[in-house]
């Protein structure tokens with residue numbers, strides 16, 4: 001997610017304004033909200049709150065599926081920042097009209113958009129909310145103010161994370177040993193339990209979860225073929241490996257040193273004379289990413305950053321053999337297509353955040369200070385030198401990519 005509002009400003013606002021607001025709302029809850037009848041509560045409409053990071057929304061697919069089983073597709077809703085609704089539309093899992101967006105051009109716009117969203121949710125009559133944000137106050141406040149009778153979210157029982165009051169009816173422990181996708185699934189399942197027994201409940205998350213799938217139309221495939229042909233008339237139907245050098249500005253520590261992509265590209269092109277390399281990226285990354293493509297110095301490199309829509313990027317993945325990327329949204333988008341994905345992890349761990357696709361491979365150096373960002377520290381780090389990413393060598397990535405590519409040429413599935 002690329003927010004115009006400064007990320008650190010939002011984090012400070014969440015801390016210094018969000019914390020006292022949570023305390024005030026907690027007091028009001030204890031005065032005015034009754035405990036409710038014992039036992040599981042019946043729900044008819046479920047709302048998910050997941051503002052940012054479209055990759056996490058892909059990981060939420062099994063949880064959304066479970067909610068649909070419980071109340072029907074037309075009764076599942078989602079609140080998301082405006083810039084992040086794209087992936088929900090691509091997954092086609094809930095009606096487009098059930099996606100409620102909040103603009104983020106400024107802090108004032110953010111607050112105004114949040115108020116409009118809450119009013120709409122109250123008008124719809126949502127009776128269950130699942131707060132999938134990791135211990136942020138803003139999401140807890142919004143979840144509470146919807147007026148839903150059932151509210152699922154993470155709670156810090158012993159001060160083991162940022163304070164955000166006591167605003168949930170179904171309070172769960174954040175489990176740092178459970179994959180994010182499984183944790184989201186458990187949150188929905190918690191709605192079927194008596195809130196009085198939580199956070200303890202006898203649910204074992206699925207190991208083999210359903211995966212979101214993207215299926216481009218024939219016209220979309222033809223459109224991407226035409227784009228590639230315009231950018232490099234020599235490519236025809238030649239194999240294509242994609243490199244995505246930049247992670248989102250949300251966490252710059254996730255970036256692999258950019259010049260290593262240049263070296264990786266040169267070695268792959270030398271190894272495979274029929275191969276083409278594409279450099280991808282968002283419009284804001286176009287200048288730097290396309291410069292890296294130029295530095296490779298080969299006529300078989302195609303600079304694609306900023307030249308595709310987000311949907312076209314997914315079609316491009318479906319046409320290509322392998323994607324090499326930092327830990328970011330594209331790794332999860334690609335998991336919805338047949339492409340093989342090699343994701344480079346550093347400040348976060350693949351044990352929690354890796355794509356669930358069997359076509360995905362994670363490379364992680366595992367040095368002592370990694371991972372350094374998590375739900376408990378509000379995904380902030382004192383690190384200013386990402387040694388964890390620098391520890392992943394070009395040799396390691398080259399070896400993994402060539403192994404996968406050679407397997408593909410031999411018709412062997414998987415990574």
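A short reminder: the numbers here are calculations on the coordinates, not readings from a lab. Keep in mind the model is a prediction, meaning the values are calculated, not measured. So basically every Cβ, Gly included, is an ideal-geometry build from the backbone, and we count neighbours across all protein chains shown.
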Using just the C-alpha positions of the chain as equal point scatterers, what log10 of I(q)/I(0) does the Debye formula give at each q in 0.07, 0.08 1/Å?
-> -0.35, -0.45
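Once every DSSP H run of n ≥ 4 in the chain is given -39500 (n - 2.57) and the sum is divided by its residues, what mean residue ellipticity at 222 nm do you get, rounded to the nearest 500 deg cm²/dmol? If you can, show how the numbers build up before the last one.
On the way: 16 runs with 164 residues, N = 415.
Rounded to the nearest 500, the figure is -11500 deg cm²/dmol.
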Please give the helix 218-231 orientation as an angle from the longest Cα principal axis of the chain, in degrees from 0 to 90, rounded to the nearest 10.
-> 50
Choice from 113, 39, 18 showing the highest fluctuation, given a GNM over the chain with Cα pairs closer than 10 Å | 39
If one builds a Gaussian network model of the chain from Cα atoms under 10 Å apart, the most fluctuating residue listed among 82, 321, 295 is 295
Neighbour-count ranking for 16, 256, 364 (other C-beta within 10 angstrom, fewest to most) reads 16, 364, 256
For the range 23-101 and the range 221-300, distance of Cα centres in Å = 37
Could you check how many percent of all C-alpha pairs in the range 7-192 are farther apart than 24 Å?
-> 33
Mean projected area (nm²) of the alpha-carbon convex hull when the range 182-332 is viewed from all directions = 11.9
Give me the angle, in degrees from 0 to 90, between the Cα long axis of helix 394-409 and the longest principal axis of the Cα atoms of the chain, rounded to the nearest 10.
-> 80
Select from 114, 190, 368 the residue whose mean-square fluctuation is largest in a Gaussian network model of the chain (Cα-Cα springs shorter than 10 Å).
-> 368
Within 10 Å of each residue's Cβ, count the other Cβ atoms and sort 185, 96 from fewest upward.
-> 96, 185
Rg from C-alpha atoms of the range 218-409, normalised by the globular rule of thumb 2.2 N^0.38 Å, equals 0.99
Taking max minus min of the Cα coordinates of the range 123-215 on each principal axis, largest first, gives extents in Å of 37, 36, 24
Relative exposure of 261, 174, judged by other C-beta atoms within 10 Å (fewest first) = 174, 261
Measuring from the longest principal axis of the C-alpha atoms of the chain, the long axis of helix 180-189 (C-alpha) lies at a number of degrees, nearest 10, equal to 30
Evaluated at q = 0.12, 0.21 Å⁻¹: base-10 log I(q)/I(0), Debye formula over Cα of the range 52-121 | -0.32, -0.90
Rounded if a/c under 1.5, otherwise prolate or oblate - the range 94-169, Cα gyration tensor axes = oblate
